[in-house]
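Working notes, structure below.
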Amino acid sequence: MKLHEYQAKEIMRRYGIATPHGRVAETPDEAYEIASELQGHAVVKAQVHVGGRGKAGGISVVKTAEEARDAASRILGMNIKGLTVRKVLVEQAVEAVKEYYLGVTIDRSRKSIAIIASSEGGVDIEEVAAKTPEKIAKVWSTPKEGFMPWQARALALAAGFDGSAVAQVGGYFSSLFRLFVEEDAELAEINPLMLTKDGKVVAADAKITLDDNALFRHPGYGGLWEAEGDDPLEQEARRRRLTYVKLNGDIGVIGNGAGLVMATIDAIKAEGGEAANFLDIGGGARAEVVQNALELILMDKGVKAILINVFGGITRCDEVAQGLLKAIESVNLDLPVVVRLVGTREKEGRALLRDTPVVTADTMVDAARRIVAIAGGGM
């Protein structure tokens, strides 16, 4: 779950990370009032869940409250990468002597948390990594190991931070790591972190992405979810309580278990096809869940064929077959479907599908080969 900049900064302030003073406005008049409190010199920033706001004209530095009102009038309602701006953050303008980058994220290859620092802030960290990788420093840790203050200071020095800022930045790193762990984040980023003329370090921009699966531990964050920007099918899947991710192919995929679904997507790829989605119905899925999943797949107009791959352990294959039959009856199923049923009550499941248009397969490879051929206009 992505947070807006102002929401991310609210959380960071709780962890002792300084941010510019400011508030959110939803109208030009509200922007005028906030800028007046800030004595005019402010920044008006679009609040949308995408990057590149500045390049799109969604960030404006103003010197008076009147200019803030005009900027808000222009930015509110603006379309940035397909998203409509409905709020702006009006905050105190900060003059920087130097800009840095701080970030904490998950390094899945190392099964660790990566803490990243760079003396080149204010630009995409990917661009820095590509052009000047020597200006990026990283260390890795885990929630159990923690992140010590001396490690933070050493990381800042390794990244080339000014000596006058190392102590403050080191403290921010420790705070950002603690925030990342305690709030169940997938990303916590400050870019840029500004060193001001008076020697203070301030988070001028902030980004936090929370793990959706951990929201039950943070009930207060449930109301922060905004569907805008999410794929419509992913929104519908969330409403139906299905684990779904939209992909770019034309073969719909349903399976029971994340590992099996990923293996199915790989098998389709190996046969020359592309999956349209990841959809995991979970273990023990009942007929109505299967029906729900199939209905969701059919909402994707780019899907040409559907592969259902079920390993019947907890899930009964005859239950899956019954769900498929219900879906065929309830919707206008005009797409070819290949089903691989293996495991608990597989014979009964296949028997239920015997006199239907559904094609059954004995193995995952066979199922993938058949569905790719069908989607490509073959057998």
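Which of the residues that make up region 16-29 are within 11 Å of ALA206 (Cβ to Cβ) and touching a helix residue (DSSP H, G or I) at 6+ places or on another chain (Cβ under 8 Å)?
Hits for region 16-29 are ILE17, THR19.
Going residue by residue through region 12-23, is there one that turns out to be in a helix (DSSP H, G or I), closer than 30 Å to ALA137 by Cα and of a type outside the set (D, E, K, R)?
yes
So which residues in region 197-223 are surrounded by 15 or more Cβ atoms within 10 Å (Cβ to Cβ), modelled with pLDDT under 90 and under 30 Å from VAL94 (Cα atoms), if there are any at all?
TYR221
Among what's in region 254-274 and is farther than 20 Å from CYS317 by Cα and of a type in the set (A, V, I, L, M), pick the residue that is surrounded by the fewest Cβ atoms within 10 Å (Cβ to Cβ).
ALA270
Taking the conditions exactly as written (under 31 Å from the mean Cα position of the chain (by Cα) and surrounded by fewer than 23 Cβ atoms within 10 Å (Cβ to Cβ)), does VAL320 satisfy them or not?
For VAL320, the condition - under 31 Å from the mean Cα position of the chain (by Cα) and surrounded by fewer than 23 Cβ atoms within 10 Å (Cβ to Cβ) - is not met.
Looking at this structure, is ASN248 within 23 Å of the chain's Cα centre (by Cα), in the same structural domain as ASP366 (by TED's automatic domain parsing) and among the polar types (S, T, N, Q)?
It is true that ASN248 is within 23 Å of the chain's Cα centre (by Cα), in the same structural domain as ASP366 (by TED's automatic domain parsing) and among the polar types (S, T, N, Q).
Suppose we filter ALA351, ALA368 for residues that are among the hydrophobic types (A, V, I, L, M, F, W, C) and either surrounded by 14 or more Cβ atoms within 10 Å (Cβ to Cβ) or part of a strand (DSSP E or B) (or both); which single one remains?
Just a single option satisfies the conditions, and that option is ALA368.
List pairs: first in region 49-72 and under 17 Å from GLY22 (Cβ atoms), second of a type in the set (Ser, Thr, Tyr) and in a loop (DSSP other than H, G, I, E, B), Cβ under 7 Å, 6+ apart or cross-chain?
So the pair list comes out empty.
Output the strands (runs of 3 or more DSSP E) that fall wholly within region 231-344 and possess 2 or more residues being of a type in the set (Val, Ile, Thr) and in contact with a helix residue (DSSP H, G or I) (Cβ under 8 Å, 6 or more places away or on another chain), or say none.
243-246, 251-255, 305-312, 337-343
From the set of residues in region 159-189 that are at pLDDT below 95 and not in a helix (DSSP H, G or I), which is nearest to the chain's Cα centre (by Cα)?
Ranking the qualifying residues of region 159-189, first place goes to ALA159.
The values are calculated or read from the model by the stated rules, or taken from the named source; none is laboratory data. A quick note: this is a predicted structure, and the numbers were derived from the prediction, not measured. Using ideal geometry, Cβ is built from the backbone for each residue, glycine included, and neighbour counts are taken over all protein chains shown.
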